[in-house]
Amino acid sequence: MSPTTDIRTMTILTEPEVSDLVAILDDVISAGASVGWISPPPESEARAYWNQVIQPNLRLVCAFAGERIIATGQIEFASKENGSHRAEIAKVLVRSDYQGEGLGRKIMIALEEIAVAHGRTLLHLDTDTDARSNEFYRRLGWTEAGTIPNWAKSAADGQLHGTTFYYKDLST
């Protein structure tokens, strides 16, 4: 049964919310997600990361079950004048005990709505070529642009894996 969730765009983070985000990051990395770390970072490093996420060119979206954050995602607006129509989706993370409940889809829809509200019509992202997330993005209408081999070390096995880039044109 899907949890009752509230999707919010965060403008500030409280200490309990930062703790929830640290726990999500630890959880998904421990499960093998490729999100920038090979192993969960020390708590102080993870807290520092989440505390710097709220910025003028970046939006953080979180899914809540009650007061607890159970999923998150980010959209970063390109800052160059010639890229004022595009944004990057990053760190779409769902606690492992809530995966398969449709939260990733809800986060992605919220991020796309933010993009449209800010005049962004071209979105892009990348994900580990070997990850289950590839099928998820395809189901959501994202188009594969290509793969670069040996992009990053995997949290799952420590080996180099390719990354696959995707885009979505919201102007059509």
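The values are calculated or read from the model by the stated rules, or taken from the named source; none is laboratory data. These numbers were taken from a predicted model, which means no experiment stands behind them. FYI the Cβ positions are ideal-geometry reconstructions off the backbone, even for glycines, and counts take in every protein chain you see. For accessibility, only protein heavy atoms count, side chains too; no ligands or nucleic acids. Shrake-Rupley method; radii C 1.70, N 1.55, O 1.52, S 1.80 Å.
Length gained on full extension, SER96 to HIS118: 4.8 nm, using 0.36 nm per residue less the C-alpha separation. Contact order for the chain, expressed relative to its length and based on alpha carbon pairs under 8 Å spaced 6+ residues apart, stands at 22 percent.
As a ratio to 2.2 N^0.38 Å, the alpha-carbon radius of gyration computed for the chain takes the value 1.00. With kT/(6 pi eta Rh) evaluated at 10 °C and eta = 1.306 mPa s, and Rh the Kirkwood radius from Cα pairs, the range 1-44 diffuses with a coefficient of 130 µm²/s according to Stokes-Einstein.
Show that you can apply the helix-only estimate: for the chain, add -39,500 (n - 2.57) for every DSSP H stretch of four or more residues, divide by all residues, and state [θ] at 222 nm to the nearest 500.
Working: 4 runs with 47 residues, N = 172.
Roughly -8500 deg cm²/dmol at 222 nm, from the helical runs in the chain.
The residues of the range 99-172 expose on average 56 square angstrom of accessible surface per residue, using a 1.4 Å probe on protein heavy atoms. Surface listing: GLU112, GLU81, GLU15 arranged by accessible area from highest to lowest gives GLU81, GLU15, GLU112, probe 1.4 Å. Using 0.36 nm per residue and subtracting the Cα-Cα separation, the extra length available between SER44 and ASN82 on full extension is 10.0 nm. In order along the range 108-116, phi translates into HN-Hα couplings of 4, 4, 4, 5, 5, 5, 4, 4, 4 Hz, rounded to whole numbers, per the Karplus curve 6.51 cos²θ - 1.76 cosθ + 1.60 with θ = phi - 60° and x for Gly and Pro. Each Cα pair under 8 Å and six or more residues apart adds its sequence gap; the mean of these over the residue count of the range 13-89 is a relative contact order of 24 percent.
Per-residue Karplus couplings for the range 70-84, computed as 6.51 cos²θ - 1.76 cosθ + 1.60 with θ equal to phi - 60°, are listed in order as 10, 7, 7, x, 10, 10, 10, 7, 4, 9, 6, 4, 6, x, 5 Hz, Gly and Pro entered as x.
Over all projection directions, the Cα-based convex hull of the range 47-136 averages an area of 6.9 nm². The residues neighbouring SER19, those whose beta-carbon lies less than 12 Å from its own, together hold a net charge of -4 under the Lys/Arg +1, Asp/Glu -1 convention.
Here's how it looks for ILE70: its modeled amide H is under 5 Å from those of ALA63, PHE64, ALA65, which are all 5 or more places away or on a different chain. Here LYS106 is the anchor, and the lysines within straight C-alpha reach of less than 28 Å, apart from those fewer than 8 places off in the same chain, are LYS91, LYS168.
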